[in-house]
Amino acid sequence: MIARADFIEGMAKGLAVLESFDTERQRLNATLAAQRAGLTRAAARRHLLTLAHLGYLETDGSWYWLAPKVLRFSGSYLASARLPRAVQPTLDRLAVRTGEAFSVVVLDGEQVVIVARSGPTRMLAYGLHLGARLPAHATSTGRVLLAARPKADFTAWLKGKELGRLTAHTVVEPRRLRQIMQQVRQQDWCIASEEHELGVHAAAVPLRNMQGHVVGALNVVTAAPRLQQPGFGRDLLPLLQDAAREVRPLL
(Lines give C-alpha, C1' and ligand atoms only; values in the text may rest on other atoms or scores of the structure.)
Protein backbone atom coordinates (compact mmCIF):
# COMPACT_ATOMS: atom_id res chain seq x y z
CA MET A 1 0.00 0.00 0.00
CA ILE A 2 1.16 3.52 -0.77
CA ALA A 3 1.34 6.10 2.01
CA ARG A 4 -1.40 8.72 1.80
CA ALA A 5 1.17 11.48 1.65
CA ASP A 6 2.72 9.86 -1.44
CA PHE A 7 -0.57 9.44 -3.31
CA ILE A 8 -1.08 12.03 -6.07
CA GLU A 9 -4.85 12.35 -6.27
CA GLY A 10 -4.84 14.57 -9.33
CA MET A 11 -2.87 12.01 -11.33
CA ALA A 12 -5.24 9.25 -10.24
CA LYS A 13 -8.26 11.28 -11.35
CA GLY A 14 -6.69 12.11 -14.70
CA LEU A 15 -5.94 8.46 -15.38
CA ALA A 16 -9.48 7.54 -14.32
CA VAL A 17 -10.82 9.91 -16.98
CA LEU A 18 -8.45 8.47 -19.58
CA GLU A 19 -9.54 4.92 -18.69
CA SER A 20 -13.19 5.93 -19.10
CA PHE A 21 -12.81 5.54 -22.85
CA ASP A 22 -13.33 1.99 -24.11
CA THR A 23 -14.94 0.02 -26.90
CA GLU A 24 -18.41 0.70 -25.49
CA ARG A 25 -17.88 4.45 -25.26
CA GLN A 26 -15.37 5.79 -27.77
CA ARG A 27 -16.58 9.38 -27.35
CA LEU A 28 -17.39 11.11 -24.08
CA ASN A 29 -18.49 14.55 -23.02
CA ALA A 30 -17.87 16.02 -19.57
CA THR A 31 -21.08 14.59 -18.12
CA LEU A 32 -20.40 11.03 -19.28
CA ALA A 33 -16.74 11.19 -18.27
CA ALA A 34 -17.75 12.39 -14.80
CA GLN A 35 -20.17 9.48 -14.40
CA ARG A 36 -17.62 6.92 -15.58
CA ALA A 37 -14.68 8.28 -13.57
CA GLY A 38 -16.64 9.07 -10.42
CA LEU A 39 -15.90 12.81 -10.53
CA THR A 40 -17.88 16.01 -10.56
CA ARG A 41 -18.68 17.35 -14.00
CA ALA A 42 -16.45 20.37 -13.41
CA ALA A 43 -13.49 18.19 -12.42
CA ALA A 44 -14.03 15.86 -15.38
CA ARG A 45 -14.16 18.82 -17.74
CA ARG A 46 -10.81 20.16 -16.46
CA HIS A 47 -9.17 16.76 -16.87
CA LEU A 48 -10.58 16.38 -20.37
CA LEU A 49 -9.29 19.80 -21.38
CA THR A 50 -5.86 19.06 -19.91
CA LEU A 51 -5.58 15.66 -21.61
CA ALA A 52 -6.62 17.26 -24.91
CA HIS A 53 -4.03 20.02 -24.42
CA LEU A 54 -1.35 17.37 -23.82
CA GLY A 55 -2.35 15.52 -26.98
CA TYR A 56 -3.86 12.39 -25.44
CA LEU A 57 -7.41 13.30 -26.49
CA GLU A 58 -8.97 14.92 -29.52
CA THR A 59 -12.09 17.06 -29.32
CA ASP A 60 -14.65 18.98 -31.32
CA GLY A 61 -15.30 21.27 -28.37
CA SER A 62 -18.02 19.15 -26.80
CA TRP A 63 -17.03 15.52 -27.30
CA TYR A 64 -13.66 13.91 -26.65
CA TRP A 65 -12.00 10.77 -28.02
CA LEU A 66 -8.61 9.09 -27.69
CA ALA A 67 -5.76 10.43 -29.78
CA PRO A 68 -2.97 8.29 -31.30
CA LYS A 69 -0.58 9.60 -28.65
CA VAL A 70 -2.03 7.16 -26.08
CA LEU A 71 -0.37 4.37 -28.08
CA ARG A 72 2.97 5.56 -26.74
CA PHE A 73 2.23 3.68 -23.53
CA SER A 74 1.27 0.39 -25.16
CA GLY A 75 4.08 0.67 -27.69
CA SER A 76 6.66 1.17 -24.97
CA TYR A 77 5.27 -1.77 -23.01
CA LEU A 78 5.31 -4.13 -25.98
CA ALA A 79 8.83 -3.05 -26.90
CA SER A 80 10.29 -3.40 -23.40
CA ALA A 81 8.30 -6.04 -21.51
CA ARG A 82 9.86 -9.49 -21.39
CA LEU A 83 6.71 -11.58 -21.85
CA PRO A 84 5.58 -10.31 -25.29
CA ARG A 85 9.11 -10.45 -26.69
CA ALA A 86 9.76 -13.92 -25.31
CA VAL A 87 6.62 -15.56 -26.67
CA GLN A 88 6.23 -13.91 -30.09
CA PRO A 89 8.48 -16.32 -32.05
CA THR A 90 6.62 -19.29 -30.60
CA LEU A 91 3.22 -17.77 -31.42
CA ASP A 92 4.32 -17.11 -34.99
CA ARG A 93 5.52 -20.68 -35.39
CA LEU A 94 2.27 -22.10 -33.99
CA ALA A 95 0.17 -19.93 -36.29
CA VAL A 96 2.13 -20.95 -39.40
CA ARG A 97 1.98 -24.62 -38.45
CA THR A 98 -1.75 -24.78 -37.69
CA GLY A 99 -3.40 -21.85 -39.48
CA GLU A 100 -5.07 -20.88 -36.19
CA ALA A 101 -4.84 -17.72 -34.07
CA PHE A 102 -2.78 -17.80 -30.87
CA SER A 103 -2.52 -15.21 -28.11
CA VAL A 104 -0.74 -14.62 -24.82
CA VAL A 105 -2.79 -12.87 -22.19
CA VAL A 106 -2.27 -11.41 -18.70
CA LEU A 107 -4.77 -10.67 -15.95
CA ASP A 108 -5.64 -7.08 -15.06
CA GLY A 109 -8.31 -6.91 -12.38
CA GLU A 110 -11.60 -8.17 -13.81
CA GLN A 111 -10.26 -8.39 -17.33
CA VAL A 112 -7.54 -10.08 -19.33
CA VAL A 113 -5.36 -8.16 -21.78
CA ILE A 114 -3.82 -9.58 -24.96
CA VAL A 115 -0.09 -8.73 -24.94
CA ALA A 116 1.03 -10.89 -27.89
CA ARG A 117 -0.77 -12.59 -30.76
CA SER A 118 -0.23 -14.23 -34.11
CA GLY A 119 -2.60 -15.73 -36.63
CA PRO A 120 -4.32 -15.41 -40.00
CA THR A 121 -6.06 -12.19 -41.00
CA ARG A 122 -9.46 -13.88 -40.98
CA MET A 123 -9.30 -14.14 -37.19
CA LEU A 124 -9.08 -10.37 -36.74
CA ALA A 125 -12.86 -10.16 -37.08
CA TYR A 126 -13.13 -11.46 -33.54
CA GLY A 127 -11.40 -8.34 -32.24
CA LEU A 128 -8.59 -10.32 -30.65
CA HIS A 129 -6.02 -7.62 -31.31
CA LEU A 130 -3.08 -6.48 -29.22
CA GLY A 131 -4.31 -4.62 -26.17
CA ALA A 132 -7.83 -6.01 -26.39
CA ARG A 133 -9.45 -6.35 -22.97
CA LEU A 134 -11.81 -9.27 -22.36
CA PRO A 135 -13.85 -10.29 -19.29
CA ALA A 136 -11.86 -12.76 -17.21
CA HIS A 137 -14.83 -14.84 -16.07
CA ALA A 138 -15.99 -15.59 -19.62
CA THR A 139 -12.69 -16.47 -21.33
CA SER A 140 -10.46 -19.53 -21.33
CA THR A 141 -7.40 -17.41 -20.52
CA GLY A 142 -9.16 -15.56 -17.71
CA ARG A 143 -10.21 -18.79 -16.07
CA VAL A 144 -6.71 -20.25 -16.35
CA LEU A 145 -5.25 -17.13 -14.72
CA LEU A 146 -7.92 -16.97 -12.01
CA ALA A 147 -7.49 -20.68 -11.27
CA ALA A 148 -3.77 -20.07 -10.67
CA ARG A 149 -4.60 -17.83 -7.72
CA PRO A 150 -4.91 -19.24 -4.20
CA LYS A 151 -8.51 -20.27 -3.57
CA ALA A 152 -8.90 -17.58 -0.91
CA ASP A 153 -7.82 -14.92 -3.43
CA PHE A 154 -10.29 -16.18 -6.02
CA THR A 155 -13.07 -16.20 -3.42
CA ALA A 156 -12.27 -12.57 -2.57
CA TRP A 157 -12.18 -11.70 -6.29
CA LEU A 158 -15.60 -13.27 -6.82
CA LYS A 159 -17.28 -11.96 -3.66
CA GLY A 160 -20.09 -9.52 -4.41
CA LYS A 161 -19.19 -9.40 -8.09
CA GLU A 162 -21.97 -9.28 -10.68
CA LEU A 163 -20.73 -11.39 -13.57
CA GLY A 164 -21.83 -10.01 -16.90
CA ARG A 165 -23.78 -12.26 -19.26
CA LEU A 166 -22.24 -11.58 -22.66
CA THR A 167 -23.98 -14.38 -24.56
CA ALA A 168 -26.56 -17.02 -23.76
CA HIS A 169 -23.66 -19.38 -23.02
CA THR A 170 -21.88 -17.22 -20.44
CA VAL A 171 -21.58 -18.79 -17.00
CA VAL A 172 -22.64 -16.15 -14.48
CA GLU A 173 -23.63 -18.28 -11.49
CA PRO A 174 -20.87 -18.06 -8.84
CA ARG A 175 -21.34 -21.67 -7.75
CA ARG A 176 -20.95 -22.96 -11.29
CA LEU A 177 -17.90 -20.76 -11.87
CA ARG A 178 -16.28 -22.14 -8.71
CA GLN A 179 -16.84 -25.64 -10.03
CA ILE A 180 -15.22 -24.70 -13.33
CA MET A 181 -12.26 -23.18 -11.49
CA GLN A 182 -11.76 -26.40 -9.55
CA GLN A 183 -11.80 -28.38 -12.78
CA VAL A 184 -9.29 -26.01 -14.40
CA ARG A 185 -6.96 -26.37 -11.40
CA GLN A 186 -7.08 -30.13 -11.68
CA GLN A 187 -6.58 -30.43 -15.44
CA ASP A 188 -4.36 -27.32 -15.91
CA TRP A 189 -6.18 -26.17 -19.06
CA CYS A 190 -9.52 -24.63 -19.99
CA ILE A 191 -11.96 -24.47 -22.87
CA ALA A 192 -14.49 -21.65 -23.23
CA SER A 193 -16.95 -21.82 -26.11
CA GLU A 194 -19.02 -18.79 -27.16
CA GLU A 195 -19.13 -17.38 -23.64
CA HIS A 196 -17.43 -14.10 -24.46
CA GLU A 197 -18.63 -13.75 -28.06
CA LEU A 198 -20.72 -15.91 -30.35
CA GLY A 199 -18.57 -17.84 -32.78
CA VAL A 200 -15.45 -17.68 -30.59
CA HIS A 201 -14.18 -21.03 -29.34
CA ALA A 202 -10.91 -21.04 -27.41
CA ALA A 203 -8.66 -23.19 -25.25
CA ALA A 204 -5.90 -22.00 -22.93
CA VAL A 205 -3.05 -23.28 -20.79
CA PRO A 206 -1.03 -21.40 -18.15
CA LEU A 207 2.44 -20.01 -18.80
CA ARG A 208 4.79 -20.56 -15.86
CA ASN A 209 8.26 -19.20 -15.24
CA MET A 210 11.13 -21.29 -13.85
CA GLN A 211 9.95 -20.56 -10.31
CA GLY A 212 6.58 -22.13 -11.10
CA HIS A 213 4.63 -18.88 -10.99
CA VAL A 214 1.89 -18.34 -13.59
CA VAL A 215 2.79 -15.18 -15.50
CA GLY A 216 0.29 -15.41 -18.34
CA ALA A 217 -1.90 -17.70 -20.38
CA LEU A 218 -1.51 -19.06 -23.90
CA ASN A 219 -4.63 -19.69 -25.94
CA VAL A 220 -5.80 -20.75 -29.37
CA VAL A 221 -8.99 -19.59 -31.09
CA THR A 222 -10.29 -22.22 -33.46
CA ALA A 223 -13.38 -23.97 -34.80
CA ALA A 224 -15.55 -25.74 -32.25
CA PRO A 225 -14.92 -29.27 -33.60
CA ARG A 226 -11.19 -28.92 -32.95
CA LEU A 227 -11.88 -28.48 -29.23
CA GLN A 228 -13.86 -31.67 -28.92
CA GLN A 229 -12.37 -34.83 -27.46
CA PRO A 230 -10.56 -36.99 -28.34
CA GLY A 231 -9.09 -34.81 -31.07
CA PHE A 232 -8.34 -31.87 -28.79
CA GLY A 233 -6.42 -33.99 -26.30
CA ARG A 234 -4.49 -35.63 -29.11
CA ASP A 235 -3.66 -32.56 -31.22
CA LEU A 236 -4.17 -29.02 -29.95
CA LEU A 237 -3.71 -29.55 -26.22
CA PRO A 238 -0.25 -31.15 -26.55
CA LEU A 239 0.69 -28.35 -28.94
CA LEU A 240 -0.25 -25.71 -26.35
CA GLN A 241 1.45 -27.57 -23.51
CA ASP A 242 4.65 -28.09 -25.49
CA ALA A 243 4.72 -24.40 -26.38
CA ALA A 244 4.25 -23.43 -22.71
CA ARG A 245 7.20 -25.66 -21.74
CA GLU A 246 9.29 -24.23 -24.58
CA VAL A 247 8.97 -20.61 -23.44
CA ARG A 248 9.26 -21.34 -19.71
CA PRO A 249 13.04 -20.73 -19.50
CA LEU A 250 12.49 -17.35 -21.17
CA LEU A 251 9.95 -16.11 -18.62
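The values are calculated or read from the model by the stated rules, or taken from the named source; none is laboratory data. Predicted, not measured: the structure shown is a model, and the values here were computed from it. Reconstructed Cβ throughout: ideal geometry from the backbone, glycine too, with neighbour counts over all protein chains shown. Ligands, DNA and RNA are stripped out before the accessible areas are found, and what is left, the full protein with its side chains, is counted by its heavy atoms. Shrake-Rupley method; radii C 1.70, N 1.55, O 1.52, S 1.80 Å.
Please list the radius of gyration and Dmax for the range 37-143, considering alpha-carbon atoms only, with Å as the unit.
17.4, 55
Please list 3J(HN,Hα) in residue order for the range 237-249, calculated via the Karplus relation 6.51 cos²θ - 1.76 cosθ + 1.60 where θ = phi - 60°; whole Hz, with x for glycine and proline.
My calculation for the range 237-249 gives 4, x, 5, 5, 5, 5, 5, 4, 5, 5, 8, 3, x Hz in order.
For the range 187-195, take each phi angle, set θ = phi - 60°, evaluate the Karplus expression 6.51 cos²θ - 1.76 cosθ + 1.60, and give the result in whole Hz per residue in order, putting x for glycine and proline.
Whole-Hz 3J(HN,Hα) from phi for the range 187-195: 8, 6, 7, 8, 10, 10, 10, 6, 8.
Could you give each residue of the range 220-232 its phi-based ³J(HN,Hα) in whole Hz, using Karplus coefficients 6.51, -1.76, 1.60 with θ = phi - 60°, and x for Gly or Pro?
For the range 220-232, the Karplus curve yields 10, 9, 8, 6, 3, x, 6, 9, 8, 6, x, x, 4 Hz.
Taking a ≥ b ≥ c as the square roots of the eigenvalues of the Cα gyration tensor of the range 132-251, is the shape rounded (a/c under 1.5), prolate (a/b larger than b/c) or oblate?
oblate
For the range 10-77 and the range 185-241, what is the separation of their Cα centres, given in Å?
36
Would you please state the base-10 log of I(q)/I(0) at q = 0.13, 0.27 1/Å for the range 129-176, with intensities from the Debye formula using one equal scatterer on every alpha carbon?
Results for the range 129-176 at q = 0.13, 0.27 Å⁻¹ read -0.32, -1.18.
With every protein chain present, what is the per residue accessible area of the range 112-206 (1.4 Å probe, Å²)?
On the way: 4490 Å² over 95 residues.
Spelled out: the 1.4 Å probe surface of the range 112-206, per residue, equals 47 Å².
Any chance you could give the angle, 0 to 90 degrees and rounded to 10, that helix 9-18 forms with the longest Cα principal axis of the chain?
Value to nearest ten degrees: 60.
Accessible area of the chain with a 1.4 Å probe: how many percent of it is carbon plus sulfur?
Whole-percent figure for carbon plus sulfur exposure: 53.
Work out which GluC sites (Glu not before Pro) in the chain are exposed loop sites (DSSP not H, G, I, E or B, at most 10 other Cβ within 10 Å) and give the longest gap free of them. Present the calculation step by step, with values, prior to reporting the outcome.
Values: sites that count: Glu19, Glu24, Glu162.
So the longest stretch without any such site is 25-161.
Along the three principal axes, how long is the chain when you take its alpha carbons, biggest first, rounded to the nearest angstrom?
For the chain, the Cα spread along each principal axis is 59, 39, 38 Å.
Does the range 148-209 come out rounded, prolate or oblate, given a ≥ b ≥ c as the square roots of the eigenvalues of its C-alpha gyration tensor, rounded meaning a/c under 1.5 and, failing that, prolate meaning a/b above b/c?
oblate
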